[in-house]
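Some notes on the structure that comes next.
The values are calculated or read from the model by the stated rules, or taken from the named source; none is laboratory data. Because the structure is a prediction, the values reported are computed rather than measured. We place every Cβ from the backbone using ideal geometry, glycine too, and count neighbours over all the protein chains shown.
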């Protein structure tokens, strides 16, 4: 308990210290960002992982953007927008004179192309001749999981600088959704030029241009001198892949990288004592969870799911693996988010109650009927904002379940493969570790995207519950925040009762950096923004 209190106190001091006024910015120099894994791809429409989006954050812009250190909406490629009284028509007025990195014009047709290419039914209109959409492209998983096809009816370019979105239904989080990475505006000319290889040759309007990608090694970006928001202070940004947390931190201590993503929690204390280092910190808008494979009959009985939840010692995981830099999660949304239901009572750690429920539900009989002697737990191979060490968490859960008579095999893959395989819900997968960092500060981005399996097959849990689905749909279309809050409170009660997943922890995000790095700020969405960063 003392360790946890100490670290939260340290975090508060660091947050307050981060508000101090910096010296005058200096132009020039390179920043090297050390991260645990490589990007899966660099076309924001078709990626879902943070390692991809952190590059996209710097190469692309959206119509609307989030303010620094918050999810407040500010103008982006649109300087203003109008919303009709019925909430079904959004008119965006575009910033004039903006160029893509390839020199082509960012205009209304580019917006229609960028968003329209993700639509299943492409009800779009350009100012002139229609821009041809790619014939071959992967599923737009983020778009689908956000139910955007059920939200947007049509997109029309009225003139060079005006775009109108017609919606099929009221969608309270629509504007916030349009600030997310998947809604980035891309160069139509570059998409046509590179085809499927656009994922390795991104062209946007952002503060940095893409230069080179050496797979599993580094991605190099350079300053966009003509950026509409002002040239970045940095000349270059390099994102290095250093999978081992300890090695990554050592590279920071020796000055070979500038910022260390996801250090081991024990290294944070070392960083705090190092005169050459400082800590960037942010209360995490995240959730780390364990999901069930709801496509298998084995996991249809909620008594079994509840038994697993009772068997997992979440407090021990947070204390011993998060080192107190987090808190046990009882809800899927973090307690800092509006709509949080603090009246929910979490499932306690109770192995004896777990054993009784397993016996009552004839778990061993159902296991044999499935042709299994034990179960599998897929554990993440990389550190993420919501989970500092997936394999250690897996080992802890394996030990906990062994105590209630369940044999558990730990399974893992390379990160990109892990995400792709988990999406297919293969029968050899029983439990899986994943998590989420909120992309827009709205509860819908957690509760719909993670859990409403009736909405879309791309929702990772594939939990299908009609009451839950109807609740989420009503919340999207509600006229007031108060009404949405009541609906989201009910949704959290359903999650607690049905146990479609086990909420493990919300983490505090702490990244060490060299003291020569100035004005680097963590964002609630885990965006990595380097536009205003400079080095001494």
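Only residues in the stretch 88-114 that are closer than 25 Å to residue 477 by Cα count as the first member; pair them with residues that are in a helix (DSSP H, G or I), Cβ under 7 angstrom, at least 6 apart or cross-chain, and list the lot.
From the stretch 88-114, the pairs are 90/174.
Among the residues of the stretch 212-226, how many are in contact (Cβ under 8 Å) with a residue 24 or more places away in the chain and under 19 Å from residue 51 (Cβ atoms)?
So the answer is 6.
Of everything in the stretch 69-100, what is over 14 Å from residue 229 (Cα atoms) and assigned to a loop (DSSP other than H, G, I, E, B)? Give them in sequence order.
Selection gives 69, 70, 71, 72, 84, 85, 86, 87, 88.
Given the condition modelled with pLDDT of 95 or more, more than 23 Å from the chain's Cα centre (by Cα) and farther than 29 Å from residue 446 by Cα, answer yes or no: does some residue in the stretch 374-396 qualify?
yes
Just to verify a result, which residue in the stretch 127-143, among those that are modelled with pLDDT of 90 or more and closer than 19 Å to residue 62 by Cα, is surrounded by the fewest Cβ atoms within 10 Å (Cβ to Cβ)?
Looking at the filtered set, the residue picked out is 140.
Select from the stretch 392-415 the residues that are out of contact with any strand residue (DSSP E or B) (no Cβ under 6 Å at 6 or more places or on another chain), without any contact (Cβ under 8 Å) to a residue 60 or more places away in the chain and crowded, with 16+ Cβ neighbours inside 10 Å and write down the one among them that is nearest to residue 365 (Cα to Cα).
That would be 395.
Looking only at the stretch 62-76, filter to residues that are at pLDDT 95 or above and under 17 Å from the mean Cα position of the chain (by Cα); which one of those is nearest to residue 162 (Cα to Cα)?
62
May I ask you to verify whether residue 348 is touching a helix residue (DSSP H, G or I) at 6+ places or on another chain (Cβ under 9 Å) and modelled with pLDDT under 95?
No: the conditions fail for residue 348.
Let's see how each residue does on (1) closer than 26 Å to residue 161 by Cβ; (2) in contact (Cβ under 8 Å) with a residue 60 or more places away in the chain; (3) crowded, with 23+ Cβ neighbours inside 10 Å:
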| position | (1), (2), (3) |
| --- | --- |
| 189 | yes, yes, no |
| 199 | no, yes, no |
| 206 | yes, yes, yes |
| 229 | yes, yes, no |
| 232 | yes, yes, yes |
| 256 | no, yes, no |
| 269 | no, no, no |
| 272 | no, yes, no |
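Starting from the stretch 27-39, take each residue that is in contact (Cβ under 8 Å) with a residue 40 or more places away in the chain and on the phi > 0 side of the Ramachandran plot and list its partners that are surrounded by fewer than 20 Cβ atoms within 10 Å (Cβ to Cβ) and assigned to a loop (DSSP other than H, G, I, E, B), counting only C-beta distances under 7 angstrom and pairs at least six apart or across chains.
That search, which allows pairs on different chains as well, returns 28/235; 29/235.
Taking the conditions exactly as written (under 23 Å from the mean Cα position of the chain (by Cα) and over 30 Å from residue 340 (Cα atoms)), does residue 238 satisfy them or not?
yes
State whether the residues of the stretch 285-301 include one that is at pLDDT below 95 and touching a strand residue (DSSP E or B) at 6+ places or on another chain (Cβ under 7 Å).
For the stretch 285-301, residues at pLDDT below 95 and touching a strand residue (DSSP E or B) at 6+ places or on another chain (Cβ under 7 Å): present.
Suppose the filter is surrounded by fewer than 21 Cβ atoms within 10 Å (Cβ to Cβ), more than 27 Å from residue 529 (Cβ to Cβ) and touching a strand residue (DSSP E or B) at 6+ places or on another chain (Cβ under 6 Å); does residue 166 pass it?
Yes: the conditions hold for residue 166.
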